[in-house]
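See below for the structure under consideration.
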Amino acid sequence: MDRILTIRKADDCIAELKRIGVTSRGIESMYMKSHCVALKLKNIKLGAANIIKQDMLSLGGDAAVCRGVVNGTVERTDVIVMGNLKQINSLLQKLSFQDIFEIPEIRKRIEKLLEIHTKKIPYSLQAGEYTLKFDRTHIMGILNATPDSFYDGGRYNSIDTALLRIERMVNEGADIIDIGGESTRPFAEKINVEQEIDRVIPIIKKARQRFDIPLSIDTSKADVARAALDEGAHIVNDISGLHFDPNMAKTIAEYNDVGIVVMHIKGTPQDMQVDPTYDDVVEEILTYLGDSISIAKKSGISQNQIIVDPGIGFGKRVEDNVAILHKLAEFKCLDAPVLVGCSNKSFIGWLLKSEKDDRLEGTLGAHAYAITQGANILRVHEVAEHKKLAQIIDVIKVIH
């Protein structure tokens, strides 16, 4: 029966072309025509914007620019380049003959975006003695050693209950255990370094002895991170994206093969939900996380040590959280594995009109969509359910 094909990536097109008997040379020539992309380029000079637009029109594509480009009333504009991969590769060839209006640099930026977009080798991250290969979705189990976390505060304050919780998550298939000693729920009270260390270090010590699994320390304090890394933690999960403590990045850089999760937050846990607003939530988060990556690299942390987290629920309204999930694939431009944590958060409760203990199905739905949009790690309370969810979606994603 005649039908409209589902072509989500180049491999889908290649598989269909092979099915109808197209030659290998024909496949090479045609598959890029099936896959259209829209590249947003920031702050482009007027002259370059005009050249890009005319070149794309000549190739059968297009480039959107602001109104002032046409009448020359602006000096710079954002540009959205629209076309299939073949057209955009042809644009790169045309631009290679230009050396004005910063075009050589623009060409490199387009090449970088295409490289990330068409990347087939999955990300991998070295976390101490562990190599995390993101050819499948990884599950990060949450252990809150706090009295006041929004979901499970007070449940795992003793070492024994914490270790039982870790054991259960390991048995359920967790890939990473994230241990936190300070609540980051909205309006949570701050605690000092000594309190935080007292809560997490005994657990990390015992967990290192008993379990064969990467351990993450959830902290934005460099001194806490150092204490945890000295006891063998493998990853630092910083909700501030290296912005709260100026010593965090250089502290992490002192240790070999330590992973770092850089997250976006608007404000602090004490004020982040006091009327947060955005003009373009994804753009603002990308800029913030881009700064986090720059801070990390300047301190000696390499790109392949970095994981990015858009910070669902951290200084966001319901519509912001939904927009982040809707556009999660755009975070690929940061060229790092993406962590998403929607677990039982209030936006799910708002959407489903459910209390915190009745949000599992909503959490699974949000995380299922996140995996389809490129999430590499899910930070969750319910490990067993998410492990099964991820296994099914991972299989579906690679079928073609």
> Counting just the residues of the stretch 289-338 that are of a type in the set (D, E, K, R) and under 13 Å from the mean Cα position of the chain (by Cα), which one comes out surrounded by the most Cβ atoms within 10 Å (Cβ to Cβ)?
Replying inline: 309
> When residue 116 is evaluated against the numbered criteria (1) in a helix (DSSP H, G or I); (2) in contact with a helix residue (DSSP H, G or I) (Cβ under 8 Å, 6 or more places away or on another chain); (3) modelled with pLDDT of 95 or more; (4) of a type outside the set (Gly, Ala, Ser), which criterion, by number, is the only one it fails?
Replying inline: (3)
> Conditions: (1) surrounded by fewer than 20 Cβ atoms within 10 Å (Cβ to Cβ); (2) touching a Phe, Trp or Tyr at 6+ places or on another chain (Cβ under 7 Å). Residue 239 meets all but one. Number of the miss?
Replying inline: (1)
> Residues of the stretch 190-205 being assigned to a helix (DSSP H, G or I) and either free of Cβ contacts under 8 Å to residues at least 60 places away in the same chain or at positive phi (or both), which ones?
Replying inline: 193, 194, 195, 196, 197, 198, 199, 200, 201, 202, 204, 205
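Rundown of residues vs (1) farther than 28 Å from residue 11 by Cβ; (2) in contact (Cβ under 8 Å) with a residue 60 or more places away in the chain; (3) of a type in the set (Asp, Glu); (4) surrounded by fewer than 15 Cβ atoms within 10 Å (Cβ to Cβ), yes/no style:
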position	(1), (2), (3), (4)
72	yes, no, no, yes
85	no, yes, no, no
97	yes, no, no, yes
106	yes, yes, no, no
> Pick from 226, 208: which is among the charged types (D, E, K, R), in a helix (DSSP H, G or I) and surrounded by fewer than 17 Cβ atoms within 10 Å (Cβ to Cβ)?
Replying inline: 208
> Which ones in the stretch 261-280 are in contact (Cβ under 8 Å) with a residue 24 or more places away in the chain and either in a strand (DSSP E or B) or among the hydrophobic types (A, V, I, L, M, F, W, C) (or both)?
Replying inline: 261, 262, 263, 265, 272
>> Return the pair list, or none, for Cβ contacts closer than 6 Å from residues in the stretch 281-307 that are touching a residue at least 12 places away in the same chain (Cβ under 8 Å) to residues that are of a type in the set (D, E, K, R) and buried (at least 20 other Cβ atoms within 10 Å of the Cβ), at least 6 apart or on different chains.
In response: 281/320
>> For the stretch 376-399, check the following and say yes or no: at least one residue is at pLDDT below 95, outside any loop (DSSP other than H, G, I, E, B) and farther than 30 Å from residue 110 by Cβ.
In response: yes
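The values are calculated or read from the model by the stated rules, or taken from the named source; none is laboratory data. Bear in mind that the values here come from a model prediction, so they are computed numbers and not experimental data. Every residue, glycine as well, gets a Cβ built from its backbone with ideal geometry; the counts of neighbours run over all protein chains shown.
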